[in-house]
1. Identify the residue in the stretch 83-139 that is modelled with pLDDT of 90 or more and assigned to a helix (DSSP H, G or I) and, among all such residues, is farthest from the chain's Cα centre (by Cα).
2. Residue by residue through the stretch 140-157, note down the ones that are crowded, with 19+ Cβ neighbours inside 10 Å and either within 19 Å of residue 74 (Cα to Cα) or at pLDDT below 90 (or both).
3. Hey, residue 76 hits all of (1) without any contact (Cβ under 8 Å) to a residue 24 or more places away in the chain; (2) of a type outside the set (Lys, Arg); (3) more than 23 Å from residue 165 (Cα to Cα) but one; which does it fall short on?
4. Of the residues 23, 6, which is of a type outside the set (Ser, Thr, Tyr), in contact with a strand residue (DSSP E or B) (Cβ under 8 Å, 6 or more places away or on another chain) and surrounded by 17 or more Cβ atoms within 10 Å (Cβ to Cβ)?
5. Limited to the stretch 43-93, what total is found for residues that are closer than 22 Å to residue 25 by Cα, among the β-branched types (Val, Ile, Thr) and crowded, with 16+ Cβ neighbours inside 10 Å?
Amino acid sequence: MRREFFEYKKGRITSKVVGGRVFFFAERSWITIENELYKRFGGAAAVVLREMGVSYGGHVAKRARSSGSSTPQVVTALLELGEAAGWGILRSAGDFGLEGRLVISVTDCVFCSSWKESESSSRGGVLETDSCQFMVGMVLGATDELYGPGNVARELACLRSGGEACEIEIVREGRKNK
């Protein structure tokens, strides 16, 4: 656990970036949660997962921005926080502020890598889409919080569907995806 991001006191982990208590759970537990959502709600589970991500990403970005840092500094801090929290190796390409386009790449995405490893046993044919809706939502929520609402997110690649990494593109509303 990287000390510059988290502080541990008996029974309590606090994030220095978001200024509050956090918790972790195993990636296999995430698979179980996602699988159960799809079993119960079918394709609507994708909407639930994405909206959970939007809420979470927006909240974390808002808390990180409250530190008084510039937007580029907050983006860097969020990418580093994601890595420290075990989400995978996060990289960004593009400048949303100048270009209106940003691509976030997540190598070894925690939300997808176990699906690849356990596709035949855990997946059971339940998942209707090969995408990490929660991660897409987190990136969209953070971008909306930092740059204003009305952006569009789409997944360019995903580990679940054979990609080398999960890649999420965010563009300003009205700008064509290239």
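1. So the residue we want is 133.
2. 140, 141, 142, 143, 145, 146, 151
3. All conditions pass for residue 76, except number (3).
4. Working: 23 fails: surrounded by 17 or more Cβ atoms within 10 Å (Cβ to Cβ).
Only one candidate qualifies: 6.
5. Number satisfying all stated conditions: 3.
The values are calculated or read from the model by the stated rules, or taken from the named source; none is laboratory data. Everything numeric in this text was worked out from a predicted model, so none of it was measured. Please note: Cβ atoms are built from the backbone with ideal geometry, for glycine as well, and neighbour counts cover all protein chains shown.
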